[in-house]
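Single-structure report; data block below.
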Amino acid sequence: MENKSNEGAYLGIDLGTSNSVATFFKNGKFEQVEFKSNKRRKLIPSLVYFNTMDEIFYGDKAFKKGQTNPVHLLSLFKRDLGSDKKYILKFNDDEIIKIIYTIDTNVFMNDPDILASFNSNDTICLPVTVLSEISYRATQEKTKIAADIALQKINDAISLENIKLIESNRDLLPEDFTANSANDDNDNRILSVSIKAQNDNPSEKIILITNDKGLQAKAKAIGIDFLSIEQFRMQKNISESKNNSNELIITPKQASSYLLRHIKVESEIFTSKTITKAVITVPANFNQSQVELTKEAGLEAGLEEIRIMKEPIAAGLAYALDRENEKKVLVYDFGGGTFDATILKVSNTKLEVLGVHGDSKLGGEDITNIIIELIYDVLEETHDLSMFELGESKLEEVKYFKNKSMIAKVAEVAKIELSELTSTTINIANLHATDGKTINITFDLTREEFEEAIVEIRKKSLDVVKELISNSGLLASDIDMIVMAGGTSNIPSIYNSIKDTLGVEPYINKDTAIVISEGAAREAMQKWDISNVVQEEILYNDKALFDFGIGIKGYTFDLLIPVNTSLPFRVEKIYTTERDDQESLEIKAFQRRKGYEKSIKTHDKGIEFVDEVSIYNLPSFKVGELKIKIIFELTKDDILAMSVDITDKNGNKIDSANVKIKKASQD
């Protein structure tokens, strides 16, 4: 049974385009995970870097690695969720490292079939002491089942060439590695096998797989790399993306999954809890396909139960707004990669969504890019170096991308400084020039110049807000309160523009960068923790935020689930074939924004493509004789689930076991 001791075991994750945050509740307050891989900072850049095909870095380390080799750095992949984009990473032969693994006893107790995770290219040095210890565990009632399975799997695999039984040699250990217990002695024996493998194979990478903190500490002390079981599984998931021996193909969902797994592992280290449940937030204007891919990424990252929550709802929960009087609240969420505006009706202990609008391609990264272009202009004017395109620069590819990385870092710092200062100095040294030499640039950028440069971005965000208010059937004067979220909302001219437009002073009493993850953590505690330490329960409506429908003949939008429908909701639609022996059926799903009820064609304004669903292996019938009933279900997580029921013209059910449903977004 879960109780107060499970505080810290439930995460609220703001999986951001530029930065991500994980929050948990412990000792009566909400706290953020401090990422060891990111200098103990609470925000981790949403970056994944592949140093080799089997070694990845995250956050700040990924950024630093990306400065020298930007083509192996994945960023802004949240923006690409739901698209068919793939990231292709190419490696040289010298970047492909052979790995030799040693495995701790407890790994087999947690995963008796761990050997099935390896392929024929992996080498596994299995310590004899591990085999002995598993044999002993097989005599103990609590561990007998797992140990018996592990022994059987080892016996089945031991004849393979890549699995080697190795005797330990404690003489290889440092003199101060004494054993104070039998467990200590076993750890030392296992570690000696890793050292032997390292001595015998100096050009290959040695990795010890263990969840034992003490063994990990010893391995670290003598320079032996180690992975937890979770980290190893993540590495193996990456290897499955290999197209050939020199290439990785990564999808946006996979990139999100790698980052989420890293967040999970670091959070477990920081909280000393095993974390299997999390609330992950998504932009309010994410469609069903993007929401589903986010949830799948979390499951593939090792989380077992996930709740998806819209970011503005999370912000509203985090602020724990005064609800004595009914009020209409605008949540103005300007993050690194997306912009959302949402209107909430707040009363008593309820939050109701009245309307949502946004731009998934508008965020702080676009503001950074404007500063980058200002720097490019100066470079072209003062040094005749064009950085806008690789071909125009006349630089070697590596030098071009190193320049871009250095400039991007300075631009990001300048953006932050201009939120606090009236001017900043752009100073970049040792940029590559076309003549093989290096150049330096220095110039001042004032806040006034900066604000003038981003006027169009401010206008875009305000246009979204105005359209949202209008489509929600409200006036600007109906907005009682403005809540700010997302780091970009801290820029003074953006803050002032929304204040001046609505005549309401924005309400900020929390760090806008962490407010969304805190709201998600509050929801996680309310959903899973039974100790009621977070006593105030806030209810919010689970309603469809858009009209949902499909495209039919003549590009007509056929409405199936209207906006504001309570979720979950099921609806059935009967189709038939259009030709004899038709084997497949394609259905395109769309969503329509509130306020665009007059838009009836799938290409009209306010209607957006969500996903394409294909149904294969239909039984052979004459045209019109087959009735194909498709059940659409929109879940509380805003995920579209589908099932099929097939009958003949007389209503007799036809076996549909061989009928396959495939979503284009999951290809």
Q.
Tell me the accessible surface of LEU390 in square angstrom (1.4 angstrom probe, heavy atoms of protein chains only), to the nearest ten.
A. 60
Q. Quick one: Cα centre-to-centre distance for the range 124-151 and the range 190-235, in angstrom?
A. 20
**Q.** For the range 324-338 versus the range 1-70, the gap between their alpha-carbon centres in whole angstrom
**A.** 25
Q. With each label point set 7 Å from Cα along the Cα-Cβ vector, what nm distance links ASP511 and SER117?
A. 3.3
Q: Please say if the range 1-50 is rounded, prolate or oblate, where rounded means a/c under 1.5 for a ≥ b ≥ c the square roots of the C-alpha gyration tensor eigenvalues, and otherwise the choice is prolate for a/b larger than b/c and oblate otherwise?
A: prolate
Q.
Just want to confirm a number: the relative contact order over the range 246-355, from Cα pairs under 8 angstrom separated by 6+ residues, in percent.
A. 22
Q. Hey, any idea what % of the chain's accessible area is carbon plus sulfur with a 1.4 Å probe?
A. 46
Q. Which whole-number percent is the relative contact order of the chain (Cα, under 8 Å, 6+ apart)?
A. 13
(Q) Is there a quick way to get the dipole size of the range 490-607? I mean about its Cα centre, with the Cβ of Lys and Arg at +1 and of Asp and Glu at -1; what is the value in debye to the nearest 20? (A) 440
Q: Could you tell me the accessible area of VAL504 in Å² (1.4 Å probe, neighbours in place), rounded to the nearest ten?
A: 30
Q. Ignoring ligands, DNA and RNA, what accessible area per residue does the chain give at 1.4 Å, in Å²?
A. 45
**Q.** DSSP-defined antiparallel bridges as percent of all bridges, the chain, nearest 5
**A.** 70
Q.
Net charge around ALA146, counting only other residues with Cβ within less than 11 Å of its Cβ (Lys, Arg = +1; Asp, Glu = -1)?
A. +1
Q: For LYS85 and ASP185, calculate 0.36 nm times their separation in residues minus their Cα-Cα distance, and state this gained length in nm to one decimal.
A: 30.9 nm
Q | Potential lengthening between LYS64 and LEU76 on full extension [0.36 nm per residue; Cα-Cα distance subtracted] | A | 2.7 nm
Q | Quarter of the Cα convex hull surface for the range 556-667, i.e. its orientation-mean projected area (nm²) | A | 7.9
Q: Sort the chain into rounded, prolate or oblate with this rule: let a ≥ b ≥ c be the square roots of the eigenvalues of the Cα gyration tensor; rounded if a/c is under 1.5, and if a/c is not under 1.5, prolate when a/b is larger than b/c, oblate otherwise.
A: oblate
**Q.** Sparse-neighbourhood loop sites, GluC sites (Glu not before Pro) in the range 419-483 - DSSP loop, at most 13 other Cβ within 10 angstrom
**A.** GLU420
Q) So how far apart, in nm, are the two label points at VAL398 and LYS144 if each is 7 Å from Cα heading toward Cβ? A) 6.1
Q. How much accessible surface does LYS310 have with a 1.4 Å probe, in Å² rounded to 10?
A. 30
Q. Separation between the GLU612 and SER584 pseudo-spin-labels, each 7 Å from Cα along Cα→Cβ, expressed in nm?
A. 1.0
Q. How much length is gained if the chain between ASN92 and SER159 is pulled fully straight, taking 0.36 nm per residue apart and subtracting their Cα-Cα distance, in nm to one decimal?
A. 20.9 nm
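The values are calculated or read from the model by the stated rules, or taken from the named source; none is laboratory data. Treat the numbers as computed from the prediction; the structure is a model and nothing was measured. Backbone-built Cβ (ideal geometry, glycine too); neighbour counts: all protein chains shown. Accessible surface areas use protein heavy atoms only, side chains included; no ligands, DNA or RNA. Shrake-Rupley method; radii C 1.70, N 1.55, O 1.52, S 1.80 Å.
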